[in-house]
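First the structure, in the form of C-alpha coordinates, and then the observations on it.
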Amino acid sequence: MKIRQKFGFYNIIMLITPIFLIGVISVLFVFLFVMKFPVEEFSVTRAQLLNPVTLIRSAGQFISANPGSVIYVFWWAILCISAIAVPTTVITRIMSKSLTEPLDTLTKSVENIKNGRLNFEVMGSDYDELNALCEGFDSMRRALLASRRREEELKEEQKLLIANISHDLKTPVTSIKGYIDGINDGVADTPEKLAKYLSTIRSKADAIESLANNLRAASVTEKAEELCTGDIRELLYDILDSYRLDLEACGIKVTTDFAEGELIVRIDGKKMKRVFSNIIENTIKYRRADSQSLIVRAFAQDGSVYIHFTDDGIGIDPAQLASVFDIFYRADTSRTSLIQGNGLGLGIAKGIVEAHGGKIWLTSAGEGKGTTAAISLPQYKEESNEKDFNNRR
Ligand code: ATP
Ligand code: MG
(Lines give C-alpha, C1' and ligand atoms only; values in the text may rest on other atoms or scores of the structure.)
(Ligands and ions follow the chains in the order given, each with its own letter.)
Protein backbone atom coordinates (compact mmCIF):
# COMPACT_ATOMS: atom_id res chain seq x y z
CA MET A 1 0.00 0.00 0.00
CA LYS A 2 1.20 3.53 -0.75
CA ILE A 3 2.10 5.84 2.17
CA ARG A 4 -0.59 8.36 1.13
CA GLN A 5 -3.34 5.69 1.04
CA LYS A 6 -2.36 4.17 4.37
CA PHE A 7 -2.15 7.55 6.10
CA GLY A 8 -5.60 8.46 4.67
CA PHE A 9 -6.94 5.21 6.14
CA TYR A 10 -5.40 6.03 9.55
CA ASN A 11 -6.94 9.54 9.42
CA ILE A 12 -10.41 8.09 8.84
CA ILE A 13 -9.98 5.72 11.80
CA MET A 14 -8.71 8.65 13.88
CA LEU A 15 -11.90 10.57 13.06
CA ILE A 16 -14.46 7.78 13.37
CA THR A 17 -13.19 6.14 16.57
CA PRO A 18 -13.66 9.20 18.90
CA ILE A 19 -17.07 10.00 17.36
CA PHE A 20 -18.24 6.45 17.94
CA LEU A 21 -16.82 6.30 21.47
CA ILE A 22 -18.23 9.70 22.47
CA GLY A 23 -21.60 8.60 21.11
CA VAL A 24 -21.58 5.37 23.14
CA ILE A 25 -20.35 7.16 26.31
CA SER A 26 -22.99 9.91 25.98
CA VAL A 27 -25.88 7.44 25.46
CA LEU A 28 -24.69 5.49 28.52
CA PHE A 29 -24.43 8.63 30.66
CA VAL A 30 -27.81 10.02 29.54
CA PHE A 31 -29.34 6.66 30.46
CA LEU A 32 -27.68 6.67 33.93
CA PHE A 33 -28.53 10.35 34.41
CA VAL A 34 -32.16 9.83 33.57
CA MET A 35 -32.31 6.86 35.96
CA LYS A 36 -30.59 8.69 38.78
CA PHE A 37 -31.88 12.29 38.68
CA PRO A 38 -35.35 13.87 38.39
CA VAL A 39 -34.80 15.21 34.88
CA GLU A 40 -38.40 16.43 34.69
CA GLU A 41 -37.26 19.24 37.02
CA PHE A 42 -34.94 20.37 34.21
CA SER A 43 -37.89 21.51 32.18
CA VAL A 44 -36.96 24.04 29.54
CA THR A 45 -39.08 25.43 26.79
CA ARG A 46 -37.91 25.53 23.17
CA ALA A 47 -37.27 29.29 23.49
CA GLN A 48 -35.14 28.75 26.62
CA LEU A 49 -33.20 25.99 24.87
CA LEU A 50 -32.29 28.38 22.07
CA ASN A 51 -31.19 31.08 24.48
CA PRO A 52 -27.82 30.17 26.10
CA VAL A 53 -28.32 32.49 29.06
CA THR A 54 -31.64 30.99 30.15
CA LEU A 55 -30.33 27.49 29.35
CA ILE A 56 -27.28 27.96 31.65
CA ARG A 57 -29.52 29.47 34.31
CA SER A 58 -31.91 26.45 34.18
CA ALA A 59 -28.94 24.07 34.29
CA GLY A 60 -27.55 26.01 37.28
CA GLN A 61 -30.86 25.72 39.09
CA PHE A 62 -30.99 21.96 38.33
CA ILE A 63 -27.40 21.44 39.58
CA SER A 64 -27.93 23.42 42.78
CA ALA A 65 -31.02 21.29 43.42
CA ASN A 66 -29.05 18.05 42.52
CA PRO A 67 -25.36 18.62 43.42
CA GLY A 68 -24.50 14.94 42.71
CA SER A 69 -25.17 15.45 39.00
CA VAL A 70 -21.94 17.52 38.62
CA ILE A 71 -19.86 14.39 39.21
CA TYR A 72 -21.70 12.64 36.34
CA VAL A 73 -21.14 15.57 34.03
CA PHE A 74 -17.49 15.70 35.10
CA TRP A 75 -16.90 11.98 34.35
CA TRP A 76 -18.75 12.27 31.08
CA ALA A 77 -16.41 15.13 30.05
CA ILE A 78 -13.28 13.20 31.17
CA LEU A 79 -14.33 10.07 29.25
CA CYS A 80 -15.14 12.10 26.12
CA ILE A 81 -11.69 13.77 26.24
CA SER A 82 -10.10 10.31 26.71
CA ALA A 83 -12.15 8.99 23.78
CA ILE A 84 -10.44 11.63 21.64
CA ALA A 85 -6.94 11.52 23.16
CA VAL A 86 -6.35 7.75 23.51
CA PRO A 87 -7.24 6.57 19.94
CA THR A 88 -5.45 9.60 18.43
CA THR A 89 -2.27 8.86 20.41
CA VAL A 90 -2.39 5.12 19.67
CA ILE A 91 -2.98 5.57 15.94
CA THR A 92 -0.32 8.27 15.64
CA ARG A 93 2.10 5.92 17.35
CA ILE A 94 1.22 3.05 14.99
CA MET A 95 1.64 5.41 12.03
CA SER A 96 5.04 6.68 13.11
CA LYS A 97 6.25 3.17 14.07
CA SER A 98 5.27 1.81 10.66
CA LEU A 99 7.52 4.49 9.13
CA THR A 100 10.43 4.53 11.58
CA GLU A 101 10.85 0.72 11.81
CA PRO A 102 11.94 0.19 8.17
CA LEU A 103 14.02 3.36 8.33
CA ASP A 104 15.77 2.03 11.47
CA THR A 105 16.38 -1.28 9.66
CA LEU A 106 17.91 0.61 6.75
CA THR A 107 20.12 2.65 9.09
CA LYS A 108 21.31 -0.57 10.76
CA SER A 109 21.93 -2.11 7.34
CA VAL A 110 24.07 0.86 6.30
CA GLU A 111 26.02 0.45 9.52
CA ASN A 112 26.47 -3.31 8.86
CA ILE A 113 27.68 -2.73 5.31
CA LYS A 114 30.04 0.01 6.51
CA ASN A 115 31.56 -2.51 8.94
CA GLY A 116 31.84 -5.18 6.24
CA ARG A 117 29.03 -7.39 7.56
CA LEU A 118 26.95 -8.57 4.61
CA ASN A 119 25.32 -11.75 5.89
CA PHE A 120 21.93 -10.35 6.84
CA GLU A 121 18.66 -9.68 5.11
CA VAL A 122 16.99 -6.29 4.73
CA MET A 123 13.33 -6.91 5.60
CA GLY A 124 10.63 -5.26 3.52
CA SER A 125 7.95 -2.76 4.58
CA ASP A 126 4.15 -2.51 4.21
CA TYR A 127 4.63 0.73 2.28
CA ASP A 128 5.29 0.32 -1.43
CA GLU A 129 7.75 3.25 -1.49
CA LEU A 130 9.79 1.97 1.48
CA ASN A 131 9.52 -1.63 0.28
CA ALA A 132 11.09 -0.64 -3.05
CA LEU A 133 13.86 1.12 -1.14
CA CYS A 134 14.44 -1.95 1.10
CA GLU A 135 14.44 -4.30 -1.90
CA GLY A 136 16.89 -2.05 -3.75
CA PHE A 137 19.08 -1.99 -0.68
CA ASP A 138 18.93 -5.76 -0.25
CA SER A 139 19.81 -6.38 -3.88
CA MET A 140 22.78 -4.01 -3.47
CA ARG A 141 23.83 -6.03 -0.39
CA ARG A 142 23.51 -9.31 -2.36
CA ALA A 143 25.58 -7.87 -5.22
CA LEU A 144 28.27 -6.76 -2.76
CA LEU A 145 28.24 -10.20 -1.14
CA ALA A 146 28.55 -11.92 -4.52
CA SER A 147 31.41 -9.65 -5.55
CA ARG A 148 33.19 -10.28 -2.23
CA ARG A 149 32.80 -14.05 -2.71
CA ARG A 150 34.09 -13.73 -6.27
CA GLU A 151 37.04 -11.71 -4.96
CA GLU A 152 37.82 -14.45 -2.41
CA GLU A 153 37.53 -17.10 -5.13
CA LEU A 154 39.85 -15.08 -7.37
CA LYS A 155 42.40 -14.84 -4.56
CA GLU A 156 42.23 -18.62 -4.13
CA GLU A 157 42.51 -19.15 -7.89
CA GLN A 158 45.49 -16.81 -8.00
CA LYS A 159 47.24 -18.79 -5.26
CA LEU A 160 46.50 -22.03 -7.07
CA LEU A 161 47.71 -20.53 -10.34
CA ILE A 162 51.03 -19.50 -8.81
CA ALA A 163 51.40 -22.93 -7.19
CA ASN A 164 50.72 -24.59 -10.56
CA ILE A 165 53.13 -22.35 -12.47
CA SER A 166 55.86 -23.01 -9.94
CA HIS A 167 55.16 -26.77 -10.10
CA ASP A 168 55.11 -26.86 -13.89
CA LEU A 169 58.35 -24.84 -14.10
CA LYS A 170 60.11 -26.73 -11.36
CA THR A 171 59.65 -30.14 -12.97
CA PRO A 172 61.61 -29.47 -16.21
CA VAL A 173 64.14 -27.26 -14.40
CA THR A 174 64.91 -30.05 -11.89
CA SER A 175 65.29 -32.47 -14.73
CA ILE A 176 67.61 -30.09 -16.70
CA LYS A 177 69.75 -29.68 -13.56
CA GLY A 178 69.89 -33.48 -13.15
CA TYR A 179 71.05 -34.02 -16.73
CA ILE A 180 73.66 -31.23 -16.47
CA ASP A 181 74.97 -32.78 -13.22
CA GLY A 182 75.08 -36.13 -15.06
CA ILE A 183 77.20 -34.59 -17.82
CA ASN A 184 79.50 -32.89 -15.25
CA ASP A 185 79.92 -36.15 -13.34
CA GLY A 186 80.91 -37.91 -16.56
CA VAL A 187 77.83 -40.18 -16.66
CA ALA A 188 77.37 -39.29 -20.34
CA ASP A 189 80.64 -40.91 -21.23
CA THR A 190 79.91 -41.78 -24.85
CA PRO A 191 79.03 -39.37 -27.69
CA GLU A 192 75.63 -41.15 -28.04
CA LYS A 193 74.83 -40.72 -24.36
CA LEU A 194 75.92 -37.09 -24.44
CA ALA A 195 73.72 -36.45 -27.49
CA LYS A 196 70.79 -38.10 -25.70
CA TYR A 197 71.35 -36.00 -22.57
CA LEU A 198 71.60 -32.81 -24.60
CA SER A 199 68.47 -33.59 -26.60
CA THR A 200 66.56 -34.23 -23.34
CA ILE A 201 67.80 -30.91 -21.95
CA ARG A 202 66.68 -29.26 -25.20
CA SER A 203 63.21 -30.81 -25.00
CA LYS A 204 62.83 -29.73 -21.35
CA ALA A 205 63.87 -26.18 -22.30
CA ASP A 206 61.32 -26.31 -25.14
CA ALA A 207 58.69 -27.35 -22.61
CA ILE A 208 59.53 -24.30 -20.44
CA GLU A 209 59.36 -22.05 -23.50
CA SER A 210 56.02 -23.49 -24.57
CA LEU A 211 54.69 -23.04 -21.02
CA ALA A 212 55.84 -19.40 -21.06
CA ASN A 213 54.15 -18.85 -24.45
CA ASN A 214 50.94 -20.54 -23.32
CA LEU A 215 50.92 -18.54 -20.10
CA ARG A 216 51.19 -15.36 -22.08
CA ALA A 217 48.39 -16.46 -24.41
CA ALA A 218 46.22 -17.40 -21.43
CA SER A 219 46.82 -14.09 -19.67
CA VAL A 220 45.87 -11.77 -22.52
CA THR A 221 42.33 -11.19 -23.67
CA GLU A 222 42.17 -12.78 -27.08
CA LYS A 223 41.23 -10.69 -30.08
CA ALA A 224 40.49 -12.00 -33.54
CA GLU A 225 43.08 -9.90 -35.36
CA GLU A 226 43.61 -11.08 -38.93
CA LEU A 227 40.10 -11.90 -39.98
CA CYS A 228 39.67 -13.84 -43.21
CA THR A 229 36.57 -15.30 -44.76
CA GLY A 230 36.55 -18.86 -45.95
CA ASP A 231 35.18 -22.37 -45.76
CA ILE A 232 35.90 -24.02 -42.42
CA ARG A 233 36.40 -27.38 -44.19
CA GLU A 234 39.52 -25.98 -45.85
CA LEU A 235 41.08 -25.11 -42.47
CA LEU A 236 40.06 -28.48 -41.03
CA TYR A 237 41.62 -30.42 -43.92
CA ASP A 238 44.82 -28.39 -43.47
CA ILE A 239 45.11 -29.02 -39.77
CA LEU A 240 44.16 -32.71 -40.00
CA ASP A 241 46.78 -33.12 -42.70
CA SER A 242 49.46 -31.61 -40.48
CA TYR A 243 48.62 -34.13 -37.72
CA ARG A 244 48.14 -37.10 -40.07
CA LEU A 245 51.45 -38.77 -39.22
CA ASP A 246 51.12 -38.25 -35.44
CA LEU A 247 47.59 -39.65 -35.48
CA GLU A 248 48.59 -42.61 -37.63
CA ALA A 249 51.53 -43.33 -35.31
CA CYS A 250 49.05 -43.70 -32.43
CA GLY A 251 46.75 -45.91 -34.46
CA ILE A 252 44.02 -43.26 -34.67
CA LYS A 253 42.05 -43.16 -37.90
CA VAL A 254 40.44 -39.84 -38.79
CA THR A 255 36.98 -39.81 -40.35
CA THR A 256 35.56 -36.57 -41.68
CA ASP A 257 31.83 -36.00 -41.95
CA PHE A 258 31.43 -32.56 -43.51
CA ALA A 259 28.00 -31.31 -44.56
CA GLU A 260 27.51 -30.08 -48.07
CA GLY A 261 26.68 -26.48 -48.86
CA GLU A 262 28.22 -23.34 -47.48
CA LEU A 263 30.21 -23.56 -44.24
CA ILE A 264 31.66 -20.09 -44.48
CA VAL A 265 33.08 -18.38 -41.40
CA ARG A 266 35.01 -15.19 -40.80
CA ILE A 267 37.89 -16.01 -38.51
CA ASP A 268 41.53 -15.46 -37.63
CA GLY A 269 42.83 -18.63 -39.28
CA LYS A 270 46.10 -18.75 -37.31
CA LYS A 271 44.36 -18.53 -33.97
CA MET A 272 41.62 -20.97 -34.90
CA LYS A 273 44.30 -23.45 -35.98
CA ARG A 274 45.70 -23.20 -32.45
CA VAL A 275 42.27 -24.17 -31.08
CA PHE A 276 41.99 -27.18 -33.41
CA SER A 277 45.61 -28.18 -32.71
CA ASN A 278 44.98 -28.35 -28.98
CA ILE A 279 41.87 -30.46 -29.50
CA ILE A 280 43.70 -32.89 -31.80
CA GLU A 281 46.70 -33.02 -29.44
CA ASN A 282 44.29 -33.77 -26.59
CA THR A 283 42.87 -36.64 -28.65
CA ILE A 284 46.39 -38.01 -28.98
CA LYS A 285 47.36 -37.39 -25.35
CA TYR A 286 44.16 -38.64 -23.74
CA ARG A 287 43.70 -41.76 -25.84
CA ARG A 288 43.24 -45.27 -24.49
CA ALA A 289 45.53 -48.13 -25.46
CA ASP A 290 42.84 -49.35 -27.84
CA SER A 291 41.65 -45.94 -29.10
CA GLN A 292 41.32 -45.92 -32.85
CA SER A 293 39.12 -43.13 -34.09
CA LEU A 294 38.67 -39.42 -34.33
CA ILE A 295 35.51 -38.31 -36.10
CA VAL A 296 35.44 -34.70 -37.26
CA ARG A 297 32.02 -33.30 -38.20
CA ALA A 298 31.20 -29.88 -39.61
CA PHE A 299 27.72 -28.62 -40.38
CA ALA A 300 25.64 -25.45 -40.38
CA GLN A 301 22.52 -24.89 -38.31
CA ASP A 302 20.49 -21.80 -37.37
CA GLY A 303 23.11 -19.29 -38.49
CA SER A 304 26.07 -21.09 -36.89
CA VAL A 305 28.75 -23.42 -38.16
CA TYR A 306 29.40 -26.35 -35.82
CA ILE A 307 32.60 -28.36 -35.65
CA HIS A 308 32.64 -31.54 -33.54
CA PHE A 309 35.74 -33.62 -32.76
CA THR A 310 34.69 -36.97 -31.29
CA ASP A 311 37.35 -39.34 -29.98
CA ASP A 312 37.17 -42.73 -28.28
CA GLY A 313 39.77 -41.87 -25.65
CA ILE A 314 39.81 -41.89 -21.85
CA GLY A 315 36.81 -39.60 -21.61
CA ILE A 316 36.06 -37.18 -18.77
CA ASP A 317 34.00 -37.52 -15.63
CA PRO A 318 30.89 -35.33 -16.37
CA ALA A 319 31.37 -33.57 -13.02
CA GLN A 320 34.69 -32.20 -14.28
CA LEU A 321 33.48 -31.10 -17.72
CA ALA A 322 32.76 -27.49 -16.74
CA SER A 323 36.21 -27.03 -15.19
CA VAL A 324 38.39 -28.17 -18.09
CA PHE A 325 38.38 -24.61 -19.49
CA ASP A 326 39.86 -23.20 -16.29
CA ILE A 327 43.49 -22.22 -16.56
CA PHE A 328 45.76 -25.01 -15.26
CA TYR A 329 42.86 -27.37 -14.74
CA ARG A 330 43.60 -30.97 -15.58
CA ALA A 331 41.08 -33.72 -14.95
CA ASP A 332 42.15 -36.16 -12.22
CA THR A 333 43.10 -38.87 -14.66
CA SER A 334 45.54 -36.60 -16.52
CA ARG A 335 46.95 -34.83 -13.44
CA THR A 336 47.99 -38.10 -11.85
CA SER A 337 49.16 -39.71 -15.03
CA LEU A 338 52.39 -39.06 -16.88
CA ILE A 339 50.69 -37.28 -19.79
CA GLN A 340 52.43 -33.99 -20.58
CA GLY A 341 50.38 -30.86 -20.39
CA ASN A 342 49.77 -27.75 -18.33
CA GLY A 343 46.00 -27.48 -18.53
CA LEU A 344 46.20 -24.26 -20.56
CA GLY A 345 45.13 -25.39 -24.05
CA LEU A 346 41.35 -25.36 -23.59
CA GLY A 347 41.44 -22.10 -21.59
CA ILE A 348 43.28 -20.44 -24.48
CA ALA A 349 40.91 -22.08 -26.98
CA LYS A 350 37.89 -20.71 -25.12
CA GLY A 351 39.33 -17.17 -25.25
CA ILE A 352 39.95 -17.45 -28.98
CA VAL A 353 36.54 -18.96 -29.86
CA GLU A 354 34.69 -16.40 -27.75
CA ALA A 355 36.67 -13.57 -29.37
CA HIS A 356 35.06 -14.78 -32.64
CA GLY A 357 31.57 -14.63 -31.11
CA GLY A 358 31.46 -18.42 -30.84
CA LYS A 359 31.23 -21.06 -28.13
CA ILE A 360 33.26 -24.11 -27.20
CA TRP A 361 32.23 -26.97 -24.93
CA LEU A 362 33.13 -30.56 -24.16
CA THR A 363 30.81 -33.53 -23.72
CA SER A 364 31.62 -37.01 -22.53
CA ALA A 365 29.56 -39.99 -21.48
CA GLY A 366 32.10 -40.52 -18.69
CA GLU A 367 35.55 -41.89 -18.02
CA GLY A 368 36.66 -44.41 -20.67
CA LYS A 369 33.80 -43.43 -22.99
CA GLY A 370 35.41 -40.86 -25.28
CA THR A 371 35.04 -37.11 -25.55
CA THR A 372 33.50 -34.66 -28.00
CA ALA A 373 34.95 -31.17 -28.27
CA ALA A 374 32.33 -28.95 -29.91
CA ILE A 375 32.74 -25.47 -31.36
CA SER A 376 30.13 -23.16 -32.83
CA LEU A 377 31.04 -20.10 -34.89
CA PRO A 378 28.79 -17.49 -36.48
CA GLN A 379 28.10 -18.44 -40.07
CA TYR A 380 29.23 -15.80 -42.57
CA LYS A 381 26.66 -15.11 -45.25
CA GLU A 382 27.89 -12.41 -47.59
CA GLU A 383 29.96 -12.98 -50.69
CA SER A 384 33.50 -11.74 -50.26
CA ASN A 385 36.67 -11.60 -52.29
CA GLU A 386 38.95 -11.14 -49.28
CA LYS A 387 41.97 -13.32 -48.54
CA ASP A 388 41.16 -16.92 -47.66
CA PHE A 389 42.73 -18.89 -44.76
CA ASN A 390 45.85 -19.51 -46.79
CA ASN A 391 46.09 -15.87 -47.84
CA ARG A 392 44.91 -16.69 -51.37
CA ARG A 393 42.44 -14.43 -53.14
P1 ATP B 1 47.98 -28.17 -22.51
O2 ATP B 1 46.88 -28.10 -23.50
O3 ATP B 1 48.23 -26.89 -21.81
O4 ATP B 1 49.20 -28.78 -23.05
P5 ATP B 1 46.22 -30.06 -21.30
O6 ATP B 1 46.03 -30.76 -22.60
O7 ATP B 1 46.26 -30.91 -20.08
O8 ATP B 1 47.51 -29.15 -21.33
P9 ATP B 1 43.76 -28.69 -21.87
O10 ATP B 1 43.92 -28.90 -23.31
O11 ATP B 1 43.32 -27.36 -21.40
O12 ATP B 1 45.10 -28.99 -21.05
O13 ATP B 1 42.74 -29.75 -21.32
C14 ATP B 1 42.34 -29.67 -19.97
C15 ATP B 1 42.01 -31.04 -19.42
O16 ATP B 1 40.83 -31.52 -20.04
C17 ATP B 1 43.04 -32.09 -19.72
O18 ATP B 1 44.07 -32.09 -18.77
C19 ATP B 1 42.24 -33.37 -19.66
O20 ATP B 1 42.09 -33.78 -18.34
C21 ATP B 1 40.87 -32.93 -20.18
N22 ATP B 1 40.71 -33.25 -21.61
C23 ATP B 1 40.77 -32.39 -22.64
N24 ATP B 1 40.55 -33.02 -23.81
C25 ATP B 1 40.33 -34.30 -23.50
C26 ATP B 1 40.04 -35.48 -24.29
N27 ATP B 1 39.92 -35.42 -25.60
N28 ATP B 1 39.85 -36.64 -23.61
C29 ATP B 1 39.96 -36.71 -22.26
N30 ATP B 1 40.24 -35.65 -21.48
C31 ATP B 1 40.42 -34.47 -22.09
MG1 MG C 1 45.69 -29.62 -24.34
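Only one entry of ASP189, ASP168 meets the criterion of being open to solvent by 70 Å² or more (accessible area, probe 1.4 Å), acidic (Asp, Glu), farther than 30 Å from GLY124 by Cβ and over 29 Å from the mean Cα position of the chain (by Cα), and that entry is ASP189.
Residues in region 298-311 that are open to solvent by 40 Å² or more (accessible area, probe 1.4 Å) and more than 26 Å from LYS223 (Cα to Cα): THR310 alone.
Looking across region 48-69, the residues that are out of contact with any Phe, Trp or Tyr (no Cβ under 7 Å at 6 or more places or on another chain) and not in a helix (DSSP H, G or I) come down to ASN51, PRO67, GLY68. The residue that is most open to solvent (accessible area, probe 1.4 Å), among those in region 48-75 that are among the hydroxyl-bearing types (Ser, Thr, Tyr) and more than 30 Å from THR17 (Cβ to Cβ), is SER64. When residues in region 337-364 are screened for being assigned to a loop (DSSP other than H, G, I, E, B) and at pLDDT 90 or above, 3 of them pass.
Restricting attention to region 332-362, and to residues there that are within 11 Å of ligand 2 (Cβ to nearest atom) and among the aliphatic types (A, V, I, L, M), which single residue is most open to solvent (accessible area, probe 1.4 Å)? Selected residue: ILE339. Set side by side, the residues ARG141, ARG148 differ, and just one is of a type in the set (D, E, K, R), open to solvent by less than 70 Å² (accessible area, probe 1.4 Å), part of a helix (DSSP H, G or I) and under 30 Å from ASP104 (Cα atoms), which is ARG141. Taken together, the residues in region 27-47 that are in a helix (DSSP H, G or I), closer than 25 Å to ILE71 by Cβ, of a type outside the set (Lys, Arg) and open to solvent by 60 Å² or more (accessible area, probe 1.4 Å) amount to 9. Here SER304 meets each of (1) of a type in the set (Gly, Ala, Ser); (2) closer than 15 Å to ALA349 by Cβ; (3) away from ligand 2 (no atom under 15 Å from the Cβ) with one exception, condition (2). Looking at ASP326, ASP290, just one residue is more than 7 Å from ligand 1 (Cβ to nearest atom), under 27 Å from ARG244 (Cβ atoms) and open to solvent by 40 Å² or more (accessible area, probe 1.4 Å), and that residue is ASP290. Residue count for region 271-281, restricted to those that are within 9 Å of ligand 2 (Cβ to nearest atom) and either open to solvent by 30 Å² or more (accessible area, probe 1.4 Å) or touching a Phe, Trp or Tyr at 6+ places or on another chain (Cβ under 7 Å) (or both): 2. Please tell me if ASP126 is touching a residue at least 12 places away in the same chain (Cβ under 8 Å) and either hydrophobic (A, V, I, L, M, F, W, C) or open to solvent by 90 Å² or more (accessible area, probe 1.4 Å) (or both). Yes, satisfied.
When restricted to residues that are open to solvent by less than 60 Å² (accessible area, probe 1.4 Å) and either within 16 Å of ligand 2 (Cβ to nearest atom) or not hydrophobic (A, V, I, L, M, F, W, C) (or both), region 257-270 contains 3.
Residue count for region 285-301 satisfying the condition of being among the aliphatic types (A, V, I, L, M), in contact (Cβ under 8 Å) with a residue 40 or more places away in the chain and either assigned to a loop (DSSP other than H, G, I, E, B) or within 16 Å of ligand 2 (Cβ to nearest atom) (or both): 1. Of the set (1) within 24 Å of ILE295 (Cα to Cα); (2) part of a helix (DSSP H, G or I), all apply to ASN213 but (1).
Quick check on ILE78: is it free of Cβ contacts under 8 Å to residues at least 24 places away in the same chain and open to solvent by 80 Å² or more (accessible area, probe 1.4 Å)? For ILE78, the condition - free of Cβ contacts under 8 Å to residues at least 24 places away in the same chain and open to solvent by 80 Å² or more (accessible area, probe 1.4 Å) - is not met.
VAL24 falls short of the stated requirement of being outside any helix (DSSP H, G or I), open to solvent by less than 90 Å² (accessible area, probe 1.4 Å) and out of contact with any Pro (no Cβ under 6 Å at 6 or more places or on another chain). Annotation note: Cβ proximity below 9 Å between a residue of region 210-227 that is touching a residue at least 60 places away in the same chain (Cβ under 8 Å) and a residue that is open to solvent by 90 Å² or more (accessible area, probe 1.4 Å) and assigned to a helix (DSSP H, G or I) (sequence gap 6+ or interchain) occurs for ALA217/ARG274; GLU222/GLU354. Set side by side, the residues ILE183, ILE94, ILE84 differ, and just one is touching a Phe, Trp or Tyr at 6+ places or on another chain (Cβ under 9 Å), open to solvent by 70 Å² or more (accessible area, probe 1.4 Å) and farther than 26 Å from ASP326 by Cα, which is ILE94.
The values are calculated or read from the model by the stated rules, or taken from the named source; none is laboratory data. Just so it is clear, the structure is predicted and the values come from calculations on it, not from any experiment. Cβ sites come from the backbone with ideal geometry, for glycine too, and all protein chains shown count toward neighbours. Just the protein is used for accessible areas: all its heavy atoms, side chains included, with ligands, DNA and RNA removed. Shrake-Rupley method; radii C 1.70, N 1.55, O 1.52, S 1.80 Å.
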